[in-house]
Structures are given as structure tokens and as C-alpha cells.
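Just below is one structure, and these are the notes that go with it.
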Amino acid sequence: MKQLGTKTGLFNVTHSEDPEVFAPDSLKKFGAVIMLNTTGEIFKGAAAGEDVLKKSLVDFVQSGKGLVGMHSATDTYQNWKEYTDMMGGAFAGHPWNSKDTVRLKNLEPKHPLTVAFKGEGLTVQDEIYLFRPDTAQPDARRMLLALDPTGPNMDKDDGNKDGKPDRGLYPVSWLSTYGKGKTFYCSLGHNYEMFWEPVVVQHYLAGIQYALGELPADATPKSQ
């Protein structure tokens with residue numbers, strides 16, 4: 001992310017593993033927060049207090065700032081409603097492991113956040129998430145990428161053992177709004193190679209620009 005910001009000249013990145021950076025006086029210096037492969041209850045035990053930091057993040061996004069989630073950001077605070085509402089999904093498993101090949105379908109070929117795909121999908125090898133059924137729904141998010149139901153290994157999620165996918169839509173990335181703020185999430189990124197894949201990096205870049213308020217994009221939910 002630091003290299004991406006430096007090479008494009010579009011933003012600066014401050015990396016920290018210290019939850020105290022989420023304290024109100026600290027957080028207000030930034031335009032967006034990137035939850036990069038975070039997992040679990042990341043504010044627990046913080047000197048400032050977990051509830052204080054939770055409220056600070058919610059207020060930050062609601063006020064008009066941005067929130068970006070990558071991969072396991074949806075495996076963070078699954079029982080904190082406001083966080084799930086902001087991020088858009090809650091992890092429920094990954095039938096597709098890091099060595100599985102899947103095909104991504106471009107749901108929005110003309111959308112500013114998917115322009116790098118040039119109207120096409122993409123075949124990747126990565127750990128792909130399922131989300132809790134009450135989250136990551138197309139009537140609540142503008143879905144951008146999803147698993148292609150005609151692609152390989154779709155029988156990995158086959159609870160009924162009938163050879164067909166269990167769900168109608170397997171979302172991989174989306175954008176939304178929260179209060180006055182903008183949010184973007186993509187589940188790709190378990191394997192390091194995803195951060196070397198040019199179109200995936202450009203997708204993340206567009207998502208970050210959107211969250212920062214620098215790339216106008218329609219976040220209106222749209223049935224798939």
C-alpha cells in the first residue's frame with residue numbers, strides 16, 4: 001500500500017499495528033482507514049478503551065471519511081453490528097482455499113471501480129470467502145465482482161451434494177456508503193500474489209480513491 005501510494009502520488013500511507021491510532025485525536029488526521037487483513041477484536045486491551053475506539057471509527061466514517069477492507073477485514077469484529085454495517089459482510093467460511101482456482105465475474109463492466117478489467121472477468125488462485133447470510137446482500141451493497149457460477153471449483157460450496165452452487169451470488173467486492181462516508185471491500189488478498197496482479201491492484205487503487213472521495217462512483221445497490 002505504501003508503494004502504491006508513492007508510485008501513483010495519490011495518497012500517503014501510515015502503517016500501524018497500534019490500536020491507539022484509532023483514538024479520535026489521532027484518527028482525525030487521516031482521510032481513510034484501510035483494514036488490511038485484520039482479524040478478530042483488534043481494539044481489545046487498548047489503553048484508550050475498546051468502546052472509545054469503536055465509537056471513534058464509527059464517527060470517523062459517518063462524518064464523511066473512508067473505510068477500505070481487504071480480505072480478512074470481514075473476519076474482524078463479526079459481532080459488532082456497526083462494523084459489519086460499515087464493512088458490508090461478515091466471514092462465514094472459505095470453501096475455496098489458497099490453492100483453489102476460481103473465475104471472477106465482472107458484475108459492473110462500466111463502473112469506475114472495475115475499469116481495469118476492461119469489461120472482462122479474471123481467473124485467480126486465492127482463498128475465497130462465504131459471508132454470513134444476513135450480510136453482503138446485493139440489496140444493501142453495490143456488488144462489483146463475484147464468483148462466476150460457470151467457473152472451476154464451484155462445487156466446493158455444495159451443501160446438498162447436487163453438483164450445483166448453493167447460493168445465487170458469491171460476492172467478492174463491493175462499495176457502499178455509511179452516513180456521509182464511503183466504504184469499499186474486496187475479499188481477494190490471502191495469497192501474496194494478489195498484490196502483484198496488476199488488475200487487482202488497480203481495483204484496490206480505485207476502491208481507495210473512492211473511499212477518499214477522490215473518485216466519484218455510484219454506490220446504489222443493484223439487484224444481480
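Annotation: the residues VAL61, VAL201, VAL33, sorted from fewest to most other C-beta atoms within 10 Å of their own C-beta, follow the order VAL201, VAL33, VAL61.
Anyone know which of SER98, SER72, SER173 comes out most mobile in the 10 Å Cα GNM of the chain? Taking springs between Cα atoms under 10 Å, the residue moving most is SER98. Summing charges over neighbours of LYS99, with a neighbour being any other residue whose Cβ is under 15 Å away from its Cβ, gives -3 when K and R count +1 and D and E count -1.
Among the trypsin sites (Lys or Arg not before Pro) in region 124-224, those located in a DSSP loop and surrounded by at most 13 other Cβ atoms within 10 Å of their own Cβ are LYS161, LYS180. When the charge dipole of region 75-195 is built from unit charges on Cβ atoms (+1 for Lys and Arg, -1 for Asp and Glu) and taken about the Cα centre, the candidate among ALA140, PHE195, TYR77 whose Cα reaches farthest toward its positive end is ALA140. Extending 7 Å from the Cα toward the beta-carbon at both THR39 and ALA140 defines two label points whose distance is 2.4 nm. When a/c is below 1.5 the answer is rounded, else prolate if a/b is larger than b/c, else oblate, so apply that to region 78-150 with a ≥ b ≥ c taken from the square roots of the Cα gyration tensor eigenvalues. Here region 78-150 falls in the oblate category.
Taking 7 Å steps out from each Cα toward its Cβ at ASP158 and ASP218 produces label points 3.7 nm apart.
Counting neighbouring beta carbons within 10 Å and listing from fewest to most, the residues ASP59, ASP139 come out as ASP139, ASP59. Using 0.36 nm per residue and subtracting the Cα-Cα separation, the extra length available between GLU197 and ASN79 on full extension is 39.2 nm.
Backbone phi angles across region 209-214, fed through the Karplus curve with coefficients 6.51, -1.76 and 1.60 (θ = phi - 60°), yield HN-Hα couplings of 4, 4, 4, 6, x, 9 Hz in residue order; Gly and Pro are listed as x. The loop-placed trypsin sites (Lys or Arg not before Pro) in region 63-120, going by DSSP, that have at most 12 neighbouring Cβ atoms within 10 Å of their Cβ come out as LYS99, LYS110, LYS118.
Only one of the values (i) 53, 36, 31; (ii) 66, 40, 24; (iii) 50, 47, 31 was calculated from this structure for Cα extents along the principal axes in Å; name its label. Label (i) holds the value from this structure. Along the chain, the longest continuous region that contains none of the GluC sites (Glu not before Pro) in a DSSP loop with at most 16 other C-beta atoms within 10 Å is 121-213. Each of THR135, THR6, THR74 was scored by other Cβ atoms within 10 Å of its Cβ. Listed from fewest to most, they are THR6, THR135, THR74.
Computed from the coordinates by the stated procedures, all read-outs in this text should not be read as laboratory data. Keep in mind that this is a model prediction, so the values were computed, not measured. Quick reminder, even Gly has a Cβ in these numbers, built from the backbone with ideal geometry, and neighbours come from all protein chains shown.
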